[in-house]
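A short write-up of the structure that comes next.
The values are calculated or read from the model by the stated rules, or taken from the named source; none is laboratory data. Being a predicted model, the structure only gives us computed values, none of them experimental. So basically every Cβ, Gly included, is an ideal-geometry build from the backbone, and we count neighbours across all protein chains shown.
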């Protein structure tokens, strides 16, 4: 029986009388946003016809040599800056040697001993507060090609479009303790890279995938358990499922008096289980050595400083500003800064309208409507400008909040100017006291008995009268004025 | 002009520029002589018909401002040549036709030269006798059944036998200078980073360097001037001011300080080599140079260092020949089986030996003891030269510890074969330029060479010293055309 306590962010596996903590470290492979590959000029567009984006260098023809793509170096350094990490002015490209059909060179150019980015950190916003996760390093490396095994019963096909594409491998410290933290970590990392424009974070296209290192230990223990590495998991959900399965598997082994083998495992998404891929004994000897075709990569202080000046405001800073300047709650700020498009949208809306109303409308109505239609904020049928107008119509009393929802629904059908919708449909709020008095008089007249009851002390009936007035007015009566007048009249 | 093939490159250029000879006449002469010399086995691939066509085209609209106007030339088969088979002397590339041109050969064609064919070499340039070539031994024109040296054995044989007026080789541990020495020709290994490695089949990336091979120093200088360019396609190419070596060539080396490293007096060195070296010192003095005794204390470690670094890089560089993308493939039951069969059948014994050594020295648990230590020693060897160059302008040594040997003589003794590179290897490890010039004969009448080693990027200086000494030495190659 799996007993997992999930009070807030503490994730503990209970077995018999023992409590186990899960220790997780991630090696994220993030594809660098770049027009061309790490060491060649081939394009990197996703989804192209197989083997149409392959240069002689990518296919490792005799005598071909790698030439570093400066743009990819800049992207890696920017990411390092975004992770508040140490930028190494000198880094070295190594060869990781192994044979595989989709690895044309017979080695992958990577960075082993001297990565371009050293230690950094990521702050996670968890329900019970912030958590800092250490970054061990970030290094640049080439992606391999793609082997396609299911097109032919006998043969494997190889697509080299991806061969040589620049990846950043971002290695976390073993600081993560639950599937929820992993979720928050990946989202935050992705958000930072999207802000920076260094990785699009598109997991469906494989731009972001991770090797997940999992171990368990008795709660309170300082020692790490033996870890297993789950290779190449390409969605957050699968990462979480894999961790849950793997952690429980390890706990079962320990409870059963067995030891855990350090090994590489694969996550079977159909069966929802991890299984052994190769043990430590079978691990490849990659024979790393510095690539003699490439000189050590050296960057100057100026080079790094210039890149720093190009760094936009990042989510943590933006959140702080939103809280301080716009008086948002941390919860609201977190949601609005989670991706750069949302925060841009928000900032555009509040340029000309009330912050509080804008926050509520974006987080409430807009997100719900987008969710329902499965749209991204960038695909929103309602432009920031028109949402801003809608909010102003509410703010200046032209329409009520209730009417605003009707207008909003119509705006979702196509980016219409809310002003026009209000005019065309005659939805303008009735705020003329004389007109309202007439309405109210009629309602009181029609409900004499209830008015008498009210006067004799049944104050609850006030709501009934408001509702009647709103109904008669077709929802257009200004609720505040209705309240005031009703009180006088009754 | 009957003796076209006996002319040096400089003479041919002059005669074509002076319109005394056409490119067609010159090309035809070298093609005919090449055709009569099949027994030397200097060529792997002949491209004579195309060469004659190109010569004809050149003559129709001759551009006489070029440095190599209409000059025919065969090149080592390690340089990728567009649309012409490039094998690196290996079965594994026996069917490989590049769609691209190496930078060095492109530079040559840009100056008007015409490709005649591809010259034999040791497989992937791994060898010192041209015996590891999949395409068979090459004969040294000096004597039947004598090796022409290696790995640029086809190149040295072809230049010595005048099948090509000039050629290019590659030198990883002596592969230009040793064969030059064995055939009585001149060979220059330029400073690492001087000539682009783009399009040259790689052996050991941190050591490989292309260079000219010629009948005399002046021709060598001219070709070096053509092939040495900065190339963005090679990250190790160095952007330095290159000279017009042939124009600035001078025999005035008065006052140049030439170092004689005591560590090069190796045990068991034949007296002939010792004598040659002494004679060389006298020639240098005659030219006005000052002789200074120097020490290169880590010389003894150069050969073991080289035989760790070079195989390590080679084991990785040759991983791409796996039967998947191009070249030879042996069918197998599955991927691993295909790899094993392809590489077992596609690579020769020496290449396999070096891949094994290289794989071993890079293996986890051995890396520090071998590869890392070798890199440290390599630095010490380089430091030796840096220290020496505080006192001297160049260094004079023998090129090889012996003259050419017989085909088959050392085939089964790799260590004795490796010892051939003892004087040349330190130069590659330090990335310096070195030139071998013919300087005498041994008792059998076989040529012997002297090596002049320079400071980095100082090709001009060693070319000048070689040029001055060449005149004093007045070497005559004794070639009888025994194969014709």
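State whether one or more residues within the stretch A:147-161 are surrounded by 22 or more Cβ atoms within 10 Å (Cβ to Cβ) and touching a strand residue (DSSP E or B) at 6+ places or on another chain (Cβ under 7 Å).
No - not one qualifying residue is present in the stretch A:147-161.
Filter the stretch B:230-280 for residues that are within 14 Å of chain A (Cβ to nearest Cβ) and in contact (Cβ under 8 Å) with a residue 40 or more places away in the chain and give the result.
Within the stretch B:230-280, B:231, B:233, B:234, B:236, B:237, B:238 qualify.
Is it the case, given these coordinates, that residue B:214 is buried (at least 24 other Cβ atoms within 10 Å of the Cβ) and over 24 Å from residue B:438 (Cα atoms)?
no
Have a look at B:138, B:147, B:186 and point out the one that is within 14 Å of the chain's Cα centre (by Cα) and either modelled with pLDDT under 95 or crowded, with 24+ Cβ neighbours inside 10 Å (or both).
Working: B:138 fails: within 14 Å of the chain's Cα centre (by Cα); B:147 fails: within 14 Å of the chain's Cα centre (by Cα).
Exactly one residue qualifies, and that residue is B:186.
Just for the stretch B:1-38: of the residues that are in contact (Cβ under 8 Å) with a residue 60 or more places away in the chain, surrounded by fewer than 21 Cβ atoms within 10 Å (Cβ to Cβ) and in a loop (DSSP other than H, G, I, E, B), which one is nearest to the chain's Cα centre (by Cα)?
Among residues in the stretch B:1-38 that are in contact (Cβ under 8 Å) with a residue 60 or more places away in the chain, surrounded by fewer than 21 Cβ atoms within 10 Å (Cβ to Cβ) and in a loop (DSSP other than H, G, I, E, B), the one nearest to the chain's Cα centre (by Cα) is B:8.
Scan the stretch A:24-65 residue by residue and report those that are at positive phi and more than 29 Å from the chain's Cα centre (by Cα).
A:51, A:60, A:63
Out of A:296, A:292, which single residue is surrounded by fewer than 13 Cβ atoms within 10 Å (Cβ to Cβ) and either touching a helix residue (DSSP H, G or I) at 6+ places or on another chain (Cβ under 7 Å) or within 14 Å of chain B (Cβ to nearest Cβ) (or both)?
Going through A:296, A:292 in turn, just one is surrounded by fewer than 13 Cβ atoms within 10 Å (Cβ to Cβ) and either touching a helix residue (DSSP H, G or I) at 6+ places or on another chain (Cβ under 7 Å) or within 14 Å of chain B (Cβ to nearest Cβ) (or both): A:296.
Take the stretch A:283-307 and flag every residue that is assigned to a helix (DSSP H, G or I) and touching a strand residue (DSSP E or B) at 6+ places or on another chain (Cβ under 8 Å).
A:304
Could you tell me which residue of the stretch B:337-394 is nearest to residue B:89 (Cα to Cα), considering only residues that are free of Cβ contacts under 8 Å to residues at least 24 places away in the same chain and part of a loop (DSSP other than H, G, I, E, B)?
B:363
Tell me, yes or no, whether the stretch B:287-307 has at least one residue that is touching a strand residue (DSSP E or B) at 6+ places or on another chain (Cβ under 9 Å), crowded, with 21+ Cβ neighbours inside 10 Å and farther than 30 Å from residue B:466 by Cβ.
Checking the stretch B:287-307: not a single residue is touching a strand residue (DSSP E or B) at 6+ places or on another chain (Cβ under 9 Å), crowded, with 21+ Cβ neighbours inside 10 Å and farther than 30 Å from residue B:466 by Cβ.
Spot the failing condition for residue B:331; the list is (1) within 13 Å of another protein chain (Cβ to nearest Cβ); (2) surrounded by fewer than 21 Cβ atoms within 10 Å (Cβ to Cβ); (3) touching a strand residue (DSSP E or B) at 6+ places or on another chain (Cβ under 7 Å), and only one is missed.
(3)
Answer yes or no: is there a residue in the stretch A:69-83 that is surrounded by 15 or more Cβ atoms within 10 Å (Cβ to Cβ), without any contact (Cβ under 8 Å) to a residue 60 or more places away in the chain and within 14 Å of chain B (Cβ to nearest Cβ).
No: zero hits.
Could you list, in sequence order, all residues of the stretch B:334-362 that are surrounded by fewer than 16 Cβ atoms within 10 Å (Cβ to Cβ), touching a helix residue (DSSP H, G or I) at 6+ places or on another chain (Cβ under 9 Å) and over 22 Å from residue B:128 (Cβ atoms)?
B:344, B:345, listed by residue number.
A quick yes/no check of all residues on (1) free of Cβ contacts under 8 Å to residues at least 60 places away in the same chain; (2) within 16 Å of the chain's Cα centre (by Cα):
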residue: A:150; (1), (2): yes, no
residue: A:164; (1), (2): no, no
residue: A:168; (1), (2): no, no
residue: A:171; (1), (2): no, no
residue: A:195; (1), (2): no, yes
residue: A:204; (1), (2): yes, yes
residue: A:228; (1), (2): yes, no
residue: A:231; (1), (2): yes, no
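Could you tell me how many of the residues in the stretch B:168-218 are on the phi < 0 side of the Ramachandran plot, within 14 Å of chain A (Cβ to nearest Cβ) and part of a loop (DSSP other than H, G, I, E, B)?
Number satisfying all stated conditions: 15.
For the condition part of a loop (DSSP other than H, G, I, E, B) and either surrounded by 11 or more Cβ atoms within 10 Å (Cβ to Cβ) or assigned by TED's automatic domain parsing to the domain that holds residue A:402 (or both), what is the one hit in A:467, A:475?
Numbers: A:467 fails: part of a loop (DSSP other than H, G, I, E, B).
Just one listed residue meets the conditions, A:475.
Could you list all residues from the stretch A:97-125 that are touching a strand residue (DSSP E or B) at 6+ places or on another chain (Cβ under 6 Å) and at the interface with chain B (Cβ under 10 Å from one of its Cβ atoms)?
Answer for the stretch A:97-125, where residues must be touching a strand residue (DSSP E or B) at 6+ places or on another chain (Cβ under 6 Å) and at the interface with chain B (Cβ under 10 Å from one of its Cβ atoms): A:97, A:101, A:102, A:107.
Consider the stretch A:409-442. How many of its residues are assigned to a helix (DSSP H, G or I) and farther than 21 Å from residue A:471 by Cβ?
Residues meeting the conditions: 9.
Check the stretch A:37-52 and report whether any residue there is under 30 Å from residue A:179 (Cα atoms) and outside any strand (DSSP E or B). Explain how you work it out, then say what you get.
Within the stretch A:37-52, the subset under 30 Å from residue A:179 (Cα atoms) is A:46.
So of that shortlist, the ones also outside any strand (DSSP E or B) come out as A:46.
The answer is yes, given that some residue of the stretch A:37-52 is under 30 Å from residue A:179 (Cα atoms) and outside any strand (DSSP E or B).
From the list B:312, B:302, which one is in contact with a helix residue (DSSP H, G or I) (Cβ under 7 Å, 6 or more places away or on another chain), within 11 Å of another protein chain (Cβ to nearest Cβ), assigned to a helix (DSSP H, G or I) and under 30 Å from residue B:103 (Cβ atoms)?
After ruling out the rest, the residue left standing is B:312.
In the stretch B:87-104, which residues are crowded, with 24+ Cβ neighbours inside 10 Å and on the phi < 0 side of the Ramachandran plot?
B:87, B:90, B:92, B:93, B:102, B:103, B:104 - these are the residues of the stretch B:87-104 that are crowded, with 24+ Cβ neighbours inside 10 Å and on the phi < 0 side of the Ramachandran plot.
Of the residues that make up the stretch A:34-52, is at least one surrounded by 22 or more Cβ atoms within 10 Å (Cβ to Cβ), within 12 Å of another protein chain (Cβ to nearest Cβ) and either touching a residue at least 60 places away in the same chain (Cβ under 8 Å) or touching a strand residue (DSSP E or B) at 6+ places or on another chain (Cβ under 6 Å) (or both)?
yes
How many residues does the stretch B:246-288 hold that are part of a loop (DSSP other than H, G, I, E, B) and within 28 Å of residue B:404 (Cβ to Cβ)? Full working, then the answer.
Of all residues in the stretch B:246-288, those part of a loop (DSSP other than H, G, I, E, B) come to B:246-256, B:265-270, B:287-288.
Remaining after also requiring within 28 Å of residue B:404 (Cβ to Cβ): B:265-270, B:287.
Total meeting the criteria: 7.
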